[in-house]
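Chemist: Before I ask anything, here is the structure I am working with.
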Amino acid sequence: MLTLDWQTSSYCQEGDACVNVAADATGMVRLTESSDPTGAILTATPHAFAALIRDTKRAAGVEPA
């Protein structure tokens, strides 16, 4: 059984509208929904996850284009 140390963003308000993130033993990044953490778990490479964060920040105007 895969054991993960899930983390939730400090920007997340209490509730179920958050994404939990963990790195597994192979270095892959796992993402799951806080409202159903045992449901669907998405897997991404560290490079793909970094691109997701970068593009999300850029779309939100937090990071320059």
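Chemist: Net charge around residue 3, counting only other residues with Cβ within less than 15 Å of its Cβ (Lys, Arg = +1; Asp, Glu = -1)?
Modeler: So the surrounding residues net to -1.
Chemist: In what sequence, highest mean first, do 38-48, 24-34 appear when ranked by Cβ atoms within 10 angstrom?
Modeler: Values: 38-48: 11.1, 24-34: 13.9.
Taking the mean over residues of other Cβ atoms within 10 Å, the ranking is 24-34, 38-48.
Chemist: Find out how many positive minus negative residues lie around residue 23, taking Lys and Arg as positive, Asp and Glu as negative, among other residues whose Cβ is under 15 Å from that of residue 23.
Modeler: Result for the local shell: -1.
Chemist: Explain nothing, just the number: relative contact order of the chain, from Cα pairs under 8 Å at least 6 residues apart, as a whole percent. Walk me through the intermediate numbers first.
Modeler: Numbers: 80 pairs, mean separation 12.9, N = 65.
Reported as a whole number, the value is 20 percent.
Chemist: Follow-up question, since we're still on this one. Compute the angle between helix 46-60 and the longest alpha-carbon principal axis of the chain, please, reported from 0 to 90 degrees and rounded to the nearest 10.
Modeler: So the inclination is approximately 40 degrees.
Chemist: Turning to a different aspect of this structure: Check residue 18: other-chain or 5+ apart residues with amide H under 5 Å from its amide H, H built from backbone geometry?
Modeler: Under 5 Å from the amide H of residue 18 lie the amide H atoms of 34, 35, each far enough along the sequence or on another chain.
Chemist: When ligands, DNA and RNA are left out and all protein chains stay put, how many square angstrom of accessible area per residue does the chain have with a 1.4 Å probe?
Modeler: Numbers: 5010 Å² over 65 residues.
Spelled out: the 1.4 Å probe surface of the chain, per residue, equals 77 Å².
Chemist: Where Rh is the Kirkwood radius over the Cα pairs of the chain, the temperature 10 °C and the viscosity 1.306 mPa s, what D in µm²/s does Stokes-Einstein return?
Modeler: Numbers: Rh = 12.8 Å.
Reported coefficient: 124 µm²/s.
Chemist: Given the rule -39500 (n - 2.57) for each run of at least 4 DSSP H residues, summed and divided by the residues of the chain, what is its mean residue ellipticity at 222 nm, to the nearest 500 deg cm²/dmol?
Modeler: Value at 222 nm, helices only: -7500 deg cm²/dmol.
Chemist: Further question on the same structure: Provide the per-residue ³J(HN,Hα) series for the stretch 25-35, in order, calculated from phi with Karplus coefficients 6.51, -1.76, 1.60 and θ = phi - 60°, each as a whole number of Hz, with x at glycine and proline positions.
Modeler: Values, residue by residue: 5, 8, x, 6, 9, 10, 10, 8, 7, 5, 6 Hz.
The values are calculated or read from the model by the stated rules, or taken from the named source; none is laboratory data. Here the structure is a predicted model, which is why all the values come from computation and not from measurement. In this analysis, Cβ positions are derived from the backbone assuming ideal geometry, glycine residues included, and neighbour counts consider all displayed protein chains. When the accessible area is computed, the model is the full protein with side chains, heavy atoms only, and any ligands, DNA or RNA have been set aside. Shrake-Rupley method; radii C 1.70, N 1.55, O 1.52, S 1.80 Å.
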